[in-house]
Structures are given as structure tokens and as C-alpha cells.
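Asker: I am attaching a structure below and will ask some questions about it afterwards.
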Amino acid sequence: MRMLFLCTGNSCRSQMAEGWAKALKAADIEAHSAGVEPKGLHPLAVKVMAEAGVDISRQQSKHVRVLKDIPFDYVVTVCDHARESCPLFPGKAVIVHRGFEDPAAAKGTDEEVLAVFRRARDQIRDFVAGLPGTLTEGLRA
């Protein structure tokens with residue numbers, strides 16, 4: 001199953017989702033991530049994923065248009081902006097929305113910001129671990 005995790009900046013949430021899918025579901029899912037306004041891989045996303053034993057440091061932030069020719073089975077939007085801006089995909093791609101808090105927008109002390117990144121990481125892990133069953137929880141009409 002080919003799956004695209006799509007968010008605005010392709011810096012945190014979609015990158016974590018791609019990393020978890022590759023770590024937990026590699027036999028079942030060909031995972032990709034992209035953004036509608038890519039901003040680069042966030043170093044704290046790399047840090048908290050490494051804490052959980054998943055290396056996403058070699059993943060690249062990219063615009064969704066570079067993946068337009070891949071016939072995805074599912075496109076999972078992980079933020080509201082991406083959901084609203086989600087381009088049309090040719091073929092049978094099913095669009096699913098599963099919003100997660102944006103850790104890149106977190107404010108506070110270093111430890112408070114890291115806590116938001118860790119919480120997002122763990123929520124995304126739980127979602128990905130439940131795939132494909134968790135897909136039906138966010139189907140977009």
C-alpha cells in the first residue's frame with residue numbers, strides 16, 4: 001500500500017509519520033511524506049524520533065508536487081491547512097484526515113517544547129501502529 005503523509009511544512013508531523021511507517025509497517029506500507037509549503041526537516045523532530053529509536057535524519061522535506069506521479073492508495077493529511085490545501089491526486093487515492101498538534105508552534109522552555117514534540121511523536125506512533133485500521137477513523141467525504 002502506497003501512503004503519503006501530508007502537512008503544511010513537511011518538517012515535523014508528516015516526517016514523523018513517514019519515519020514511524022518505515023519503522024513499524026515497512027512490510028505493508030510504502031511511506032512518503034511531503035508538504036504544501038515545505039520548510040525543511042525540524043531538528044527537534046529528528047531528536048525526539050531518535051529518542052524512540054527511529055532515525056529520520058536522512059529524510060528530506062519536499063513539496064507535494066514532486067510526488068504527483070506516484071499512484072498513492074492513501075493520502076493522510078496530518079494538519080488542517082494541508083487538509084484544506086490538499087491537491088487532487090490522480091487515480092484511486094483515498095484522502096484521510098488525522099490532525100495532530102503542531103509541535104513546531106510550541107512555545108515555552110526548551111523542556112516544555114520538547115514535551116510537545118514527544119507528545120506528537122507518541123500520538124503519531126499510535127496512529128501509524130494501528131494502520132490500516134486507523135485510516136477509517138478519519139475518512140474525508
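Asker: Once you have the Kirkwood Rh of the chain from its Cα pairs, apply Stokes-Einstein at 10 °C and 1.306 mPa s and quote D in µm²/s.
Answerer: Details: Rh = 14.7 Å.
Roughly 108 µm²/s, to the nearest whole number.
Asker: Which is farthest toward the positive dipole end of the chain among Val66, Gln123, Leu24, measuring Cα position about the Cα centre, with Cβ charges +1 (Lys, Arg) and -1 (Asp, Glu)?
Answerer: Projecting each Cα onto the dipole axis, the largest value belongs to Val66.
Asker: Just to be sure I understand: of the beta bridges DSSP finds with both ends in the chain, what percent are antiparallel, rounded to 5? Please report the intermediate quantities before stating the final value.
Answerer: Values: 1 of 16 bridges.
DSSP beta bridges in the chain are roughly 5 percent antiparallel.
Asker: So, with +1 on the Cβ of K and R and -1 on the Cβ of D and E, and no other charges, what is the size of the charge dipole of the chain about its Cα centre, to the nearest 20 debye?
Answerer: Numbers: 19 positive and 18 negative charges, 69 e Å.
For this selection, approximately 340 debye.
Asker: Peptides 53-64, 32-43: what's the order by average Cβ count within 10 Å, highest mean first? If you can, show how the numbers build up before the last one.
Answerer: Details: 53-64: 15.1, 32-43: 19.5.
Descending mean neighbour count gives 32-43, 53-64.
Asker: Nearest 10 degrees is fine. How inclined is helix 13-24 to the longest principal axis of the chain, computing both from alpha carbons?
Answerer: Helix 13-24 and the main axis of the chain meet at about 80 degrees.
Asker: Right, something else. Tell me which residues come under 5 Å, amide H to amide H, from Val75 once H is placed; ignore anything under 5 positions away on its chain.
Answerer: Answer set, sorted by chain and number: Leu4, Val94, Ile95, Val96.
Asker: Checking the cross-link filter: which lysines have an alpha carbon closer than 28 Å to that of Lys107, excluding same-chain neighbours under 8 positions apart?
Answerer: Filter leaves Lys39, Lys47, Lys62.
Asker: Among Val113, Val36, Ser11, which residue has its Cα furthest toward the positive end of the charge dipole of region 2-138, with +1 on Lys/Arg Cβ and -1 on Asp/Glu Cβ?
Answerer: Toward the positive end, the furthest listed residue is Val36.
FYI, it's all coordinate maths here, none of it is from the lab. Quantities reported herein were computed from a predicted structural model and do not represent experimental measurements. For neighbour counting, all protein chains shown are included, and Cβ atoms are generated from backbone atoms with ideal geometry for every residue, glycine included.
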